Structures are given as structure tokens and as C-alpha cells.
Amino acid sequence: MDVEHASIADLWNRVTGTQPDPPWWLVVLVGAVALAAVLHGPTWRVARNTVTIAHEGGHALIALLTGRKLDGIKLHSDTSGVTVSRGKPHGPGMIFTAMAGYVTPPLLGLFFALLLAGGRITLMLWFTLLLLAAMLIMIRNAYGALSVIVTGAVVLLVSWFGSAEVQAGFAYLAAWFLLLAATRPVIELQRMRTRHMAPSSDADQLAHLTGVPGLAWVTLFGATALVALLAGGALLFPDVSVPGIHSLPGY
């Protein structure tokens, strides 16, 4: 029993403890990789699935928090998704549920950046596993289940078997990607709206619910992504000190 308690305590300390900051070059490198994944079309079409998972997870979480009944989540191979909830077709619960999708990826990236700035690398990875496990329960199609399981398996393998440097690189890559990727779906949303290809988009649903124009909601989504990127980037970007250069008193 003592051994069992010791093992549980060791695991708890491992998850909640702090880890040393990774070298500055690793943080910059994975940030560049994340940016390339967002800008490179073929890579983006695959990596966008993780943004969709966060997007639909945001809808689902707020639906539950506002008292709506969550029927399920579906993720599709074209990186689209849908979250179905039941409740009043209007009112604050429906508004916040519709609003949550596009703001969740950047805010989640910012939260990850806060954890990483505090040296909580393992906690960030295991928190991600917890979110994916909770979401898997509500998935209602095979492709969606496969996407969440594969994503979770990668995070689990890295967090359990990866070296400290591998875990740090992966964690920073995930945070950078969510922060950098959050803007592109907003741009794609407005492009589709201008072509009248997304009449039931989150922004247009919010316009119907509130009377506020859809473009205003798109602007809000974009502003949230930009603010999160600036704040999260400031937390993630390494403080590189140059040998031989020291600050003077009062500066």
C-alpha cells in the first residue's frame, strides 16, 4: 500500500510539478514550424483538424455551462464540424454557445502559454488529454472519434515516453500553433461569407440572434485571435540575454 501511495504521489508530482524552460532556440524553432503549418496549404488541411476539435469543444463546453443539453459532436474529413445542443433557440445560452467556437482556439492557446510560462509543461499535456477524453465521450461519428483518439494518442506518447526536451518542444509547438492558427479560420469564414457560401455560419447565426451584423462578430473573432496571439507570444517568446551586455541602473 505504501508503494501504491508513493506511486500515486510520484505521478501527481510529475503532473503538477514544474519543468525547466526549454532552450530559446527550440521555442523559436517550433514557433517557425507552427507558422509554416498554418501558411502551407497541404499541411494546413491536415493540421486544421486540431483547430476544429478546439472549435467544436468550445461550443460543447459553453452549451453545457449555460444549461443546454448536449446531443453530440461530429467532426468531418473536410475539417468542418458540428455541435448539436438542445434548449431555447434564443437567449444568452444560445448566444454564448454560438460565440464560443471561433474564440476557443486562441483562448486555449493563451491558456497553454500561461501554463508553459509557469514551467507547467507536463500539466499542459495532461490537461490536453483530459479535454480530449471528455470530448471523445460526445463524439457521434467514426471520423470524429478517430481524429480525437489519434490526437490523444500522440499527446499521451509524448507526455509519457518523450524526453524533457521532446515534451517541451511538443507543448510549445501546440501552443504556438493554436495561437497562430486561430486567425486563418476567421479569414476563411469572411471569405466564404462574401461569396454567400456560409449562410449558417456562427457569425450569421449570431447576427440572427442579436441583430448585430455578422461582420461585427467576425471582427470580434479576429480581434480575439490577434490579442491572444500578442499576449501568448509575449509569454512564449524566450528572453534571450546577450553575453557581455548588461542593463544600466534606471533603464
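The values are calculated or read from the model by the stated rules, or taken from the named source; none is laboratory data. Please read all numbers here as calculations on a predicted model, not as lab measurements. Counting neighbours? That spans all protein chains shown, and the Cβs are built from the backbone with ideal geometry, glycine included. All accessible areas refer to the heavy atoms of the entire protein, side chains included, with ligands and DNA or RNA removed. Shrake-Rupley method; radii C 1.70, N 1.55, O 1.52, S 1.80 Å.
Taking the stated definitions as given, is P213 at pLDDT below 95 and either closer than 27 Å to L114 by Cα or not aliphatic (A, V, I, L, M) (or both)? So P213 does not fit the description; no. In this structure, D71 does not qualify as assigned to a loop (DSSP other than H, G, I, E, B), over 24 Å from T224 (Cα atoms) and not small (G, A, S). Please determine whether any residue of the stretch 113-130 is buried (at least 16 other Cβ atoms within 10 Å of the Cβ), closer than 23 Å to A203 by Cβ and modelled with pLDDT of 95 or more. No, that holds for no residue. Close contacts from the stretch 159-178, counting a first residue that is closer than 25 Å to L226 by Cβ and in a helix (DSSP H, G or I) and a second that is open to solvent by 30 Å² or more (accessible area, probe 1.4 Å) and acidic (D, E), with Cβ to Cβ under 8 Å and a gap of 6+ residues or different chains, come to none at all. Hey, any hits in the stretch 222-235 for a residue that's within 16 Å of A98 (Cα to Cα), surrounded by 13 or more Cβ atoms within 10 Å (Cβ to Cβ) and at pLDDT 95 or above? So far as the stretch 222-235 goes, yes, one or more of its residues are within 16 Å of A98 (Cα to Cα), surrounded by 13 or more Cβ atoms within 10 Å (Cβ to Cβ) and at pLDDT 95 or above. Answer yes or no: is there a residue in the stretch 54-64 that is buried (at least 18 other Cβ atoms within 10 Å of the Cβ) and closer than 12 Å to F177 by Cβ. So far as the stretch 54-64 goes, yes, one or more of its residues are buried (at least 18 other Cβ atoms within 10 Å of the Cβ) and closer than 12 Å to F177 by Cβ. Consider the stretch 170-210 and keep the residues that are crowded, with 18+ Cβ neighbours inside 10 Å and of a type in the set (S, T, N, Q). The one that is farthest from the chain's Cα centre (by Cα) is Q205. Would you pick out the residues in the stretch 131-141 that are touching a strand residue (DSSP E or B) at 6+ places or on another chain (Cβ under 7 Å) and open to solvent by 50 Å² or more (accessible area, probe 1.4 Å)? The one that is touching a strand residue (DSSP E or B) at 6+ places or on another chain (Cβ under 7 Å) and open to solvent by 50 Å² or more (accessible area, probe 1.4 Å): R140.
Just so you know, in the stretch 74-105 the residues that are of a type in the set (A, V, I, L, M) and part of a helix (DSSP H, G or I) include one that is surrounded by the fewest Cβ atoms within 10 Å (Cβ to Cβ), and it is I95.
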